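One structure below.
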Amino acid sequence: MTGPRTVAIDEPFDDLDEELRHTELTSKAYPDTAPLAESFAALRAEVRKRKAEEDALLDGIAFAKALVVAADDVLNLLVDETKKAVLAAYDQDFQAPLYRQLFEGQSPSELKRPLLGAQLETMRAWVGPLGAANVPALDVIAQKLSSAIVKADDAVTKTSLAEQAMDTFVAGPRTSLVNDVNALRKLTAGQIGELVHGILEGKVPRDFADRFFLSSGGSRTPTSAELSQSITRLEAKLARQKALLESMKEKEAKQLRARQEAELAEKQAKLAAAEKRAAEAAQEIARLKAEMGST
């Protein structure tokens with residue numbers, strides 16, 4: 001027997017429980033090894049307890065990240081609302097000082113691309129200028145933005161705290177539990193080895209000790225049924241991952257098209273505004289020339 005493999009710290013608790021279940025129930029099947037099963041049953045209970053804790057932490061991370069996305073959605077809406085309100089206040093002039101100050105050469109679609117991050121920091125600096133513009137509609141947006149920034153900051157903080165809590169769990173309870181699992185498996189392998197070379201010598205098959213541990217690295221070869229079940233699980237997981245990948249690709253393509261259309265629409269609006277200004281300037285030039293020619 002080469003001994004059981006060392007379980008990695010990051011292995012899923014379900015896989016860990018499967019390893020322990022196998023040893024516990026295999027031990028129960030033989031009178032001479034049955035007393036070894038109790039320790040594995042106790043450790044499986046601890047695995048289930050820690051799994052529940054980890055699941056709660058994962059829920060916390062997922063919820064915090066959902067809050068980030070929700071906060072980002074609000075900020076994205078405020079980007080569009082701000083653009084429309086500023087242009088309305090300044091006669092659709094993309095060169096208006098306030099518009100240029102807020103967007104700093106970025107189109108709204110470019111500004112909205114990050115998930116909070118740089119977008120949040122940029123929009124944090126909008127509150128003062130919008131509130132100081134002496135335009136009621138912009139003052140309303142400034143108040144909305146102040147509230148949205150508070151919620152966005154809270155979501156970012158919750159995400160950081162949730163991830164820190166998971167890091168603490170991994171470094172502490174999870175690592176301690178996996179170390180206990182590895183220690184018990186190693187101890188049990190030694191105890192079974194003593195039985196094989198003691199009271200069970202000549203009474204059990206050569207691969208007897210390997211039977212107590214999954215993936216032990218020993219001489220035991222998985223059965224066709226075990227391999228079939230493993231392949232089925234892996235194929236199902238692969239199918240789910242492929243479906244998720246296709247869904248993400250489709251979503252990203254739609255987002256890219258939407259950004260391109262938004263950028264094109266903004267450029268067309270800027271071009272129309274520039275052409276309008278040029279036409280007005282041409283009319284003014286013509287008027288001045290006419291006045292000068294008549295004198």
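Quick look at the numbers
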{"item": "Test: residue in region 173-194 that is farther than 21 Å from Glu24 by Cβ, assigned by TED's automatic domain parsing to the domain that holds Leu20 and assigned to a helix (DSSP H, G or I)", "result": "yes"}
{"item": "Condition check for Arg44: part of a helix (DSSP H, G or I) and more than 26 Å from Ser160 (Cα to Cα)", "result": "yes"}
{"item": "Residues that are loosely packed, with under 13 Cβ neighbours inside 10 Å and at pLDDT 90 or above, drawn from region 198-214", "result": "Gly198, Ile199"}
{"item": "The listed residue being free of Cβ contacts under 8 Å to residues at least 60 places away in the same chain, assigned to a helix (DSSP H, G or I) and surrounded by fewer than 10 Cβ atoms within 10 Å (Cβ to Cβ), out of Ala239, Ala278, Ala265, Ala225", "result": "Ala225"}
{"item": "Every residue from region 245-284 that is in contact with a Phe, Trp or Tyr (Cβ under 6 Å, 6 or more places away or on another chain) and either hydrophobic (A, V, I, L, M, F, W, C) or in the same structural domain as Arg113 (by TED's automatic domain parsing) (or both)", "result": "Ala273"}
{"item": "Qualifying residue in region 64-86 (condition: within 20 Å of the chain's Cα centre (by Cα), part of a helix (DSSP H, G or I) and of a type in the set (Asp, Glu))", "result": "yes"}
{"item": "Out of Gln143, Gln119, sole residue that is among the polar types (S, T, N, Q) and within 30 Å of Thr168 (Cβ to Cβ)", "result": "Gln119"}
{"item": "Any hit, region 129-147, residues being out of contact with any strand residue (DSSP E or B) (no Cβ under 6 Å at 6 or more places or on another chain), at pLDDT 90 or above, within 21 Å of Arg44 (Cα to Cα) and not β-branched (Val, Ile, Thr)", "result": "no"}
{"item": "Selection count, region 12-43, where residues are of a type in the set (Gly, Ala, Ser) and touching a residue at least 60 places away in the same chain (Cβ under 8 Å)", "result": "2"}
{"item": "Matching residues in region 195-217 - criterion: being farther than 16 Å from Arg44 by Cα and assigned to a helix (DSSP H, G or I)", "result": "Leu195, Val196, Ala209, Asp210, Arg211"}
{"item": "Of all residues making up region 131-181, the number that are closer than 26 Å to Ala56 by Cβ and of a type in the set (Gly, Ala, Ser)", "result": "8"}
{"item": "In region 43-57, the residues that are surrounded by 13 or more Cβ atoms within 10 Å (Cβ to Cβ) and not basic (Lys, Arg)", "result": "Leu43, Glu46, Val47, Glu53, Glu54, Leu57"}
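Here is a yes/no grid of residues against (1) free of Cβ contacts under 8 Å to residues at least 40 places away in the same chain; (2) assigned to a helix (DSSP H, G or I); (3) assigned by TED's automatic domain parsing to the domain that holds Ala265; (4) closer than 17 Å to Asp80 by Cβ:
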| site | (1), (2), (3), (4) |
| --- | --- |
| Leu102 | yes, yes, no, yes |
| Glu121 | yes, yes, no, no |
| Asn134 | yes, no, no, no |
| Ala142 | yes, yes, no, yes |
| Lys151 | no, yes, no, no |
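For every residue, the table says whether it meets (1) over 30 Å from Asn182 (Cβ atoms); (2) at pLDDT below 80; (3) of a type in the set (Lys, Arg).
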| site | (1), (2), (3) |
| --- | --- |
| Lys242 | yes, no, yes |
| Gln255 | yes, yes, no |
| Glu261 | yes, yes, no |
| Leu264 | yes, yes, no |
| Glu280 | yes, no, no |
| Ile285 | yes, no, no |
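The values are calculated or read from the model by the stated rules, or taken from the named source; none is laboratory data. All of these numbers come straight from a predicted model, not from anything done at the bench. As a convention, Cβ positions derive from the backbone with ideal geometry for all residues, glycine included, and neighbour counts pool all protein chains shown.
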